Every structure is written in C-alpha cells, then in structure tokens.
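Trainee: Mind having a look at this structure? Questions to follow.
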Amino acid sequence: MYDFEFMKPSSLDEAVAALAEEDAQLLAGGQTLLPTMKQRLAMPSKLISLKDIPDFSYVKAEGDTLTIGGGTTHRQVSEEAESAFPGLASLAGRIGDPAVRNRGTIGGSLANNDPAACYPAAVLATGATVITNRREIPADEYFQGMFTTALDEGEIITAVRFPIPEASRYEKFAQPASRFPMVACFVAKMNGGVRVAVTGASEEGVFRWSEAEEALTATFSADALEGLAHPANGMISDIHGSGEYRAHLIGVMTKRAVLHLT
Amino acid sequence: MTKVTMNVNGRSRSGEVEGRTLLVQFLRETLSMTGTHVGCDTSQCGACVVHVDGQAVKSCTMLALEADGAEVTTIEGMTNADGSLGVIQQAFQDYHGLQCGFCTPGMVMSAKALLAENPKPSEEEIREYLEGNICRCTGYHNIVKAIMAASGQQVEPVAAE
Ligand SMILES: Cc1cc2nc3c(=O)[nH]c(=O)nc-3n(C[C@H](O)[C@H](O)[C@H](O)COP(=O)(O)OP(=O)(O)OC[C@H]3O[C@@H](n4cnc5c(N)ncnc54)[C@H](O)[C@@H]3O)c2cc1C
Ligand code: FES
Ligand code: FES
C-alpha cells in the first residue's frame, strides 16, 4: 500500500470539501477499500474517514419506510432492522463474517457496487432510494453495471430509504472462500407487485428478473416459477462456476426465497 | 508520521505511525505485541482478529489511525491477572483446539466476542460465528468443543493420546 494522508472530519461539509481535492477518497469500513489499496488497485493521496460524521449511522422506521444512514454497519442493520424489515436484517447478518459486519457499511457497499455484493439486491428489489449530499437517486437508475453507479465525483451516500415490503426474503448461495454470493436473489412482495433482483450472476452486476416478477405477481407460489429458466448469456463464468451454472442457480435461489415466504 | 494513542489491554499506548500503518502492524511492530498474527493480509483468515471498542475486527483491515482513542483488546489481554491462561485459552489447551497455533489468537478473540453476545451458543452458532476464522490444521471439531466447554456447556472429553 502506498502512503497517504489520513483525516477524520467531524462534519459532512468538511468531508465534502476535502473530497474535492484531487485523489482524495472516502473511507467507510475499509473492508473493500483497504484490500484494494494493498493490491495497489487504488492509490488515493488522501483518505477521508466517515466514522466521526454525526448522524451518519442509524436505522429508522417511519410508517412504511425504513431509512438507514450511509455509515451504518452491516451489524447494526442486522440487529436494528429486524422488527421493521426482517428480510433486510437477515441479508445484512449474512454478509461476510462477524468481523467484516462490524466494520463494513451500507454506503460503502452501494458505492462500490461489486457485481456480487448483497445490498444492491435489496435496494433494487424494493425500489429503494439512494440519498446523497446532492440528490435522491431511484434504485432503477442507480446501478449502472459492474462497479459502476450513478454517483458523481465528490458525491457521498448519506442514507438509503427503503419502502418496507409486505414480505421479503434474500436467498444467498455463498462462494465458500470469499463468502460473497455466487448467486443470490432478493424477492420482495411490494404492494404494486413482486420484484426479484439477482446479484452475483451477471457481468452487468445486479439486475431484475422480469419474467419471474410477472409470474410471481400473477401467482405468488413456487409453482409459478415452473418452466422459467434464466438464459446463460451475459452470466459470469469463472473457476467457481460457469455461466450455465449461475443461470441455473438464479432459478433455484428465487424458488427457495418464494418457498420461504409461502 | 502522526502520533496515535490507544488503550491496549487496559494500558495507554502511543506511537508514531504513517497513514498506511495497519492496526496489526502498530500492535506487532511498534508495540512488539506479536500475539496477534497475520495469516493472509487479505482480510480472509481471521488470524489478526482483535477487539476495538468491544467489537471483533480484522486488524489487518483497519488503519492504526482509525483506532486512535479506542479501547483495543488483543490475545495478550486474555490471560488472568496472575498471568495464567484465561478460560477460553485454557479450554483450547484442554480440548486440543490447536495444532500449529497460528490461527489460535484470532480464534480465541472471535470466541470471546461470540460468548459476550451469546453466552451459551449451540454448536451450529459457534461454527457460523467462526466463518471468518480459517484453521488449516485442526479440522475445527476441537475448536468448537473448546468453545462449548469455555461457555460451561457439556462436551465429550477428548480421547487420551
Ligand atoms: C472477507 C470478506 C467477505 C465479504 N463478504 C461480503 C458478502 O458476502 N457480501 C457483500 O455484499 N459484501 C461482502 N464483503 C464486502 C463488505 O460488505 C464491505 O463492507 C463493503 O463492500 C464496503 O463497505 P465499506 O464500508 O467497508 O467501504 P470501504 O471499503 O471503506 O469503501 C468502499 C468504496 O466506497 C466508497 N465509499 C464508502 N462510503 C461511501 C459513502 N458513504 N458515499 C460514497 N462513497 C463511499 C469508498 O470511497 C470506496 O471507494 C466482504 C468483505 C470481506 C473482506
Ligand atoms: S491476516 Fe487479517 S484476515 Fe488474515
Ligand atoms: S492450529 Fe494451525 S492453523 Fe489452526
């Protein structure tokens, strides 16, 4: 890792100002960024820690929405979202391992948009809103492909606002070495219909499986998925599994999620 | 270089670090506390687990400067006041929860964090909690037994050699 200057601002304004400098980068839990810097795939000259920013870490349920501060750790979500939005708490409680969950944050995960990250599936499946220091971005516009998002330079995720589904379930088939999903599906029963988001599978990152959404909106049962198969083109192929294997897992994970809810 | 100060196992410790100095480097190289191990340096193995403000973290994936002002507990802080092995450490010895011992500091620190949250975990809960702690020697069975025993639960004794 190359050396850098470290700072820990105590206000969002100070962080925004510091981020305007060339080669400055935000540091949240560091569970992605520090390993990336060790590999010299990122070489910021200044790291701006978000840990001292006030009101940046919270889980707040109000009516039918749940708002989570950008700096909230996976652990805190797994504990504090349990009563209002158990599907999301369960997802957060299965990210990586306990030590990763004690540091890693929802804002860091969404800014990074790893094609196998867990949170993007919940954000896309519920049609959540990513809130930054500048604007509000709907989930359907936020994810723009592997490691790519609608965030502009200098933009900080301050919160994520989820509409709470009637019922939801995240099914994750973990890659045992990395503990990231090989393929995972988030099924959300929203009042306008069912939404299904898939992570880990596609070269384009998280996506919605519209055929399954239509079938499940018509009839919410595992039988409704019979005969549906996701095509293998565009799916990730690597030493852990072929595109065909991942495409098959999409069907299996979606079905497990529905079975869990019925 | 920047000065960093943290409370390590109940004692205030300071040193000069670079921005990039990892917490584990500060512990091992600046403070010469080599109980905390580096197994992978890629955030996978858990050999480097310590507690920061009561929470288990991978000290290879946290900067020393991020721990400025924090309460840090390491494997050196697990012994009893008289220097004898603490409950979890003793159970690892009694139940042969280690072979080469490389993973052991991280295992003990993770076990300590687990028992603080869940004083009587089931075998399954122990295995799940240790997901981020990799051991290349033991096959895990005796580690799980040791943690069961440390939590005061009944365990089959280990066969005599
Ligand atoms: C062993 C291991 C297993 C893991 N398993 C999983 C898993 O199963 N599922 C999963 O989803 N993830 C997994 N992760 C990744 C983990 O969830 C990370 O916490 C997450 O990807 C990044 O969050 P962070 O807070 O650590 O961000 P950092 O690493 O600090 O930052 C990541 C990126 O986001 C930027 N950033 C951070 N915060 C903000 C913000 N508020 N606004 C804008 N940009 C920001 C940073 O500048 C950086 O570019 C794993 C990680 C490890 C080490
Ligand atoms: S040395 Fe830190 S996780 Fe392996
Ligand atoms: S005892 Fe050797 S790695 Fe665990």
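Trainee: Which one is nearest to ligand 1 (Cβ to nearest atom), of the residues in the stretch B:42-86 that are more than 17 Å from residue B:105 (Cβ to Cβ) and facing chain A (nearest Cβ under 7 Å)?
Mentor: Filtering the stretch B:42-86 for residues that are more than 17 Å from residue B:105 (Cβ to Cβ) and facing chain A (nearest Cβ under 7 Å), the one nearest to ligand 1 (Cβ to nearest atom) comes out as B:42.
Trainee: Let me ask you something else. Hey, among A:49, A:83, A:11, which residue is away from chain B (no Cβ under 13 Å) and under 22 Å from residue B:70 (Cα atoms)? Walk me through it before giving the result.
Mentor: Working: A:49 fails: away from chain B (no Cβ under 13 Å); A:83 fails: under 22 Å from residue B:70 (Cα atoms).
Just a single option satisfies the conditions, and that option is A:11.
A quick yes/no check of all residues on (1) within 25 Å of residue B:59 (Cα to Cα); (2) polar (S, T, N, Q); (3) at pLDDT below 95; (4) in contact with a helix residue (DSSP H, G or I) (Cβ under 6 Å, 6 or more places away or on another chain):
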{"position": "B:114", "(1), (2), (3), (4)": "yes, no, no, yes"}
{"position": "B:119", "(1), (2), (3), (4)": "yes, no, no, no"}
{"position": "B:125", "(1), (2), (3), (4)": "yes, no, no, no"}
{"position": "B:137", "(1), (2), (3), (4)": "yes, no, no, no"}
{"position": "B:161", "(1), (2), (3), (4)": "no, no, yes, no"}
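Trainee: Scan the stretch A:23-41 for residues that are over 23 Å from residue B:52 (Cβ atoms) and either modelled with pLDDT under 95 or away from ligand 2 (no atom under 16 Å from the Cβ) (or both) and jot them down.
Mentor: Across the stretch A:23-41, the qualifying residues are A:23, A:24, A:40, A:41.
Trainee: Could you list, in sequence order, the residues of the stretch B:33-51 that are within 15 Å of ligand 3 (Cβ to nearest atom), aliphatic (A, V, I, L, M) and crowded, with 24+ Cβ neighbours inside 10 Å?
Mentor: Selection gives B:47, B:49.
Trainee: In contact with an Asp or Glu (Cβ under 8 Å, 6 or more places away or on another chain), surrounded by fewer than 19 Cβ atoms within 10 Å (Cβ to Cβ) and at pLDDT 95 or above, is that true of residue A:220?
Mentor: No: the conditions fail for residue A:220.
Trainee: Counting just the residues of the stretch B:100-138 that are small (Gly, Ala, Ser) and within 12 Å of ligand 2 (Cβ to nearest atom), which one comes out nearest to the other protein chains (Cβ to nearest Cβ)? Steps first, please.
Mentor: Of the residues in the stretch B:100-138, the ones small (Gly, Ala, Ser) are B:101, B:106, B:110-111, B:113, B:116, B:122, B:132.
Add one more test, that the residue is within 12 Å of ligand 2 (Cβ to nearest atom), and what stays is B:106, B:110, B:132.
Numbers: B:106: 9, B:110: 7, B:132: 3 Å.
By that ranking, first place goes to B:132.
Trainee: Let me spell it out: the conditions are (1) aliphatic (A, V, I, L, M); (2) buried (at least 23 other Cβ atoms within 10 Å of the Cβ); (3) away from ligand 1 (no atom under 16 Å from the Cβ); (4) within 12 Å of another protein chain (Cβ to nearest Cβ), and residue B:143 meets all of them except one. Which number is the exception?
Mentor: Every condition holds for residue B:143 apart from (4).
Trainee: Just checking, does the stretch A:15-25 include any residue being within 11 Å of chain B (Cβ to nearest Cβ), surrounded by 18 or more Cβ atoms within 10 Å (Cβ to Cβ) and closer than 21 Å to residue A:106 by Cβ?
Mentor: Scanning the stretch A:15-25, I find no residue that is within 11 Å of chain B (Cβ to nearest Cβ), surrounded by 18 or more Cβ atoms within 10 Å (Cβ to Cβ) and closer than 21 Å to residue A:106 by Cβ, so the answer is no.
Residue-wise test of (1) surrounded by fewer than 21 Cβ atoms within 10 Å (Cβ to Cβ); (2) closer than 23 Å to residue B:128 by Cα.
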{"position": "A:104", "(1), (2)": "no, yes"}
{"position": "A:136", "(1), (2)": "yes, no"}
{"position": "A:167", "(1), (2)": "yes, no"}
{"position": "A:179", "(1), (2)": "yes, yes"}
{"position": "A:182", "(1), (2)": "no, yes"}
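Trainee: Does the stretch A:76-84 contain any residue that is touching a residue at least 40 places away in the same chain (Cβ under 8 Å) and in the same structural domain as residue A:153 (by TED's automatic domain parsing)?
Mentor: Yes: the stretch A:76-84 contains one or more residues that are touching a residue at least 40 places away in the same chain (Cβ under 8 Å) and in the same structural domain as residue A:153 (by TED's automatic domain parsing).
Okay, residues lined up against (1) closer than 17 Å to residue A:98 by Cα; (2) touching a residue at least 40 places away in the same chain (Cβ under 8 Å); (3) away from ligand 3 (no atom under 16 Å from the Cβ); (4) of a type in the set (D, E, K, R):
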| site | (1), (2), (3), (4) |
| --- | --- |
| B:102 | no, yes, no, no |
| B:109 | yes, yes, no, no |
| B:112 | yes, yes, yes, yes |
| B:118 | yes, no, yes, no |
| B:122 | yes, no, yes, no |
| B:134 | yes, yes, no, no |
| B:138 | no, yes, no, no |
| B:141 | no, no, no, no |
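The values are calculated or read from the model by the stated rules, or taken from the named source; none is laboratory data. Predicted, not measured: the structure shown is a model, and the values here were computed from it. Quick reminder, even Gly has a Cβ in these numbers, built from the backbone with ideal geometry, and neighbours come from all protein chains shown.
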